[in-house]
């Protein structure tokens, strides 16, 4: 990319099945990375020890690069307290009201910013991905669960507690399946990988055409609700379910989005695959870090 970028961030992606850590430069290049499985059933200290061992490995590899690390950015599942002061990822039982950012700052010496992983993806797709140059967009993750992040007027929406964008809890099937949040018919309860397995008795990898089309339709229905509410022009979708289902999923989602976005300003809204693929979570975590020090290009 025309020489070594002088600044970079430590990027940390926290997932229910894996931890991934990398060094990402200010032009979005991933210089080094390492990952490991999230320890199943581990308590808070064991989880943190596993994560810091991974971080130390990457920092040692980076030591002689000549790049200055300006921050640490973290993308993680929610919910969390405002500003990521504490996290309580639904899919990581060992961390409840866990002060991850503060502990990482003490461990690394880097100012640490923590945000929801789907919000991080929205930043990443606007920075380097499918939403680049678009000031009003939403990013969705349709995987084991369903999450989202929203950029409006070029700025990431945070909300009262930092949890804005939880599109997985829009009702898409009135009086439908019971969701983990306690409501019925949420998108996450009807269209996530977990829901598909519960409904069909098989993993999303084995889904029939009917299931793929139904899932895409429900995602498009939720996307339309947000596009109509917030005057969005673009929705990008990542996650193993959506990207694994491919063209049939996106065709069904676009058909439903078009059918339900009839108010004039929402007509023409598009739903497309996210472009960053498997790099998205790590680049998203980096975007959180750069945003925290005011050096992320756009959105801010």
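The values are calculated or read from the model by the stated rules, or taken from the named source; none is laboratory data. Keep in mind it's a predicted model, so treat the numbers as computed, not measured. With ideal geometry, Cβ positions are generated from the backbone for all residues, glycine too; neighbour counts draw on all protein chains shown.
Numbers at a glance
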| quantity | calculated |
| --- | --- |
| Segment 12-55: number of residues that are exposed (fewer than 15 other Cβ atoms within 10 Å of the Cβ), farther than 22 Å from residue 69 by Cβ and under 19 Å from the mean Cα position of the chain (by Cα) | 3 |
| Single match in 176, 201 (criterion: modelled with pLDDT of 95 or more and either out of contact with any helix residue (DSSP H, G or I) (no Cβ under 9 Å at 6 or more places or on another chain) or on the phi > 0 side of the Ramachandran plot (or both)) | 201 |
| Residues of segment 240-252 that turn out to be surrounded by fewer than 24 Cβ atoms within 10 Å (Cβ to Cβ) and either within 19 Å of residue 131 (Cβ to Cβ) or in contact with a helix residue (DSSP H, G or I) (Cβ under 6 Å, 6 or more places away or on another chain) (or both), as a count | 4 |
| Residues located in segment 95-115, provided they are in a loop (DSSP other than H, G, I, E, B), within 16 Å of residue 9 (Cα to Cα) and touching a helix residue (DSSP H, G or I) at 6+ places or on another chain (Cβ under 8 Å) | 110, 111 |
| Failed item in (1) at pLDDT 95 or above; (2) assigned to a helix (DSSP H, G or I), with residue 118 passing the rest | (1) |
| Residue 189 vs. criteria free of Cβ contacts under 8 Å to residues at least 60 places away in the same chain, part of a helix (DSSP H, G or I), buried (at least 23 other Cβ atoms within 10 Å of the Cβ) and in the same structural domain as residue 266 (by TED's automatic domain parsing) | yes |
| Single residue of segment 118-132 satisfying the filter (surrounded by fewer than 24 Cβ atoms within 10 Å (Cβ to Cβ) and in contact (Cβ under 8 Å) with a residue 60 or more places away in the chain) that is farthest from residue 69 (Cα to Cα) | 130 |
| Number of positions in segment 50-88 that are touching a helix residue (DSSP H, G or I) at 6+ places or on another chain (Cβ under 9 Å), outside any strand (DSSP E or B) and under 18 Å from residue 18 (Cα atoms) | 6 |
| Selection status of residue 194, surrounded by 15 or more Cβ atoms within 10 Å (Cβ to Cβ), outside the structural domain of residue 226 (by TED's automatic domain parsing) and over 16 Å from the mean Cα position of the chain (by Cα) | no |
| Single match in 227, 242, 285 (criterion: under 19 Å from the mean Cα position of the chain (by Cα), in contact (Cβ under 8 Å) with a residue 24 or more places away in the chain, within 19 Å of residue 152 (Cβ to Cβ) and part of a helix (DSSP H, G or I)) | 227 |
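Residue by residue, here is whether (1) under 21 Å from residue 187 (Cβ atoms); (2) surrounded by 23 or more Cβ atoms within 10 Å (Cβ to Cβ); (3) at pLDDT 95 or above holds:
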| site | (1), (2), (3) |
| --- | --- |
| 230 | yes, no, yes |
| 259 | yes, no, yes |
| 265 | no, no, no |
| 277 | no, no, no |
| 287 | no, yes, yes |
| 294 | no, no, no |
| 297 | no, no, no |
| 300 | no, no, no |
